[in-house]
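Nothing in this text is a laboratory measurement; each read-out follows from the coordinates by a stated rule. Bear in mind that the values here come from a model prediction, so they are computed numbers and not experimental data. No Cβ is skipped: glycine too gets one built from the backbone with ideal geometry, and neighbour counts run over all protein chains shown.
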Ligand code: CA
């Protein structure tokens with residue numbers, strides 16, 4: 001089991017990392033929300049443990065972005081003591097469970113194990129559009145049954161368009177969801193769409209000039 005821990009307080013991060021490692025998890029630790037979102041969005045984790053008070057991008061925004069991108073990674077959020085609003089907002093945004101600081105390490109391990117058991121019963125979430133199958137959990141794409149190699153940016157673009165299929169998505173929206181805070185070159189989205197079209201077929205992504213891009217469900 002591979003877990004991403006996003007926590008900016010070094011002592012807490014170290015304690016959680018140690019407890020998880022001792023229990024047999026493989027743990028990656030990052031210290032800010034931006035990096036946390038990027039890693040969760042581009043790599044395959046079994047779960048995310050996410051502090052809500054984080055530098056660069058707060059934890060709630062990380063949850064919202066991941067769910068907007070159709071990421072189904074189970075998320076356990078860590079909230080400040082007494083902040084019931086944070087708990088409500090965390091669950092509203094798409095977190096699966098929460099734990100209030102300070103907590104016993106045994107409770108964190110028990111909640112995480114319960115979360116993993118719960119989602120383990122679900123089948124892999126797939127988005128299917130025509131001949132395309134996008135496995136949003138394993139970050140894999142198949143076209144007519146053949147695996148397609150995509151870069152992390154190409155995958156994020158495809159997943160976002162597919163999740164928002166049958167709707168025109170503006171360039172600015174794609175920049176925000178695909179690149180995050182790394183401001184890309186002015187023609188980066190066009191270039192990325194062109195690369196993706198070469199891999200998955202030029203008619204899969206439509207252009208609405210002056211408006212944006214759209215992935216349409218093919219007529220049956
Ligand atoms: Ca914090």
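Couple of notes before you dig in:
- Placing R0 at 45 angstrom, the Cβ-Cβ distance between residue 165 and residue 22 gives a FRET efficiency of 0.55 after rounding to 0.05.
- Among 47-57, 209-219, 136-146, sorting by the average number of other beta carbon atoms lying within 10 angstrom of each residue, highest first, gives 47-57, 136-146, 209-219.
- The chain: angle of helix 152-163 to the longest principal axis, Cα-based, in degrees nearest 10: 80 degrees
- On full extension, the segment bounded by residue 14 and residue 194 gains 60.5 nm, given 0.36 nm per residue less the C-alpha separation.
- Counting only alpha carbon atoms, the long axis of helix 105-120 and the longest principal axis of the chain meet at about 30°.
- Normalising the average separation of contacting C-alpha pairs (under 8 angstrom, six or more residues apart) by the number of residues puts the relative contact order of the chain at 15 percent.
- Highest-first packing order for the peptide set 71-78, 37-44 is 71-78, 37-44, based on the mean count of other beta carbon atoms within 10 Å.
- Residue 113-residue 43 FRET efficiency (beta carbon distance; Förster radius 22 Å; 0.05 resolution): 0.55
- FRET efficiency, residue 128 to residue 104 (Cβ-Cβ, R0 30 Å, nearest 0.05): 0.10
- Rounded is the label for region 2-118, because the ratio a/c of its alpha-carbon gyration tensor axes (a ≥ b ≥ c) stays below 1.5.
- Cα gyration tensor shape of the chain, rounded if a/c is under 1.5, else prolate or oblate by comparing a/b with b/c: prolate
- Shape call, region 145-220: gyration tensor on alpha carbons, a/c limit 1.5: oblate
- Normalising the average separation of contacting C-alpha pairs (under 8 angstrom, six or more residues apart) by the number of residues puts the relative contact order of region 154-220 at 45 percent.
- For the chain, built as a Gaussian network whose Cα springs stay under 10 Å, the top-fluctuating residue of 22, 96, 135: 22
- Separation between Cα centres of region 24-79 and region 166-220, rounded to whole Å: 24 Å
- A Gaussian network model of the chain, with springs between Cα atoms under 10 Å, assigns the largest mean-square fluctuation among 147, 93, 70 to 147.
- Extension gain, residue 92 back to residue 138 (0.36 nm per residue minus Cα-Cα distance, nm): 14.1 nm
- Nearest 10 degrees, 0 to 90: helix 10-23 Cα axis against the chain principal axis: 90 degrees
- For the pair residue 84 and residue 70, the difference between a 0.36 nm per residue extended length and the Cα-Cα distance amounts to 2.4 nm.
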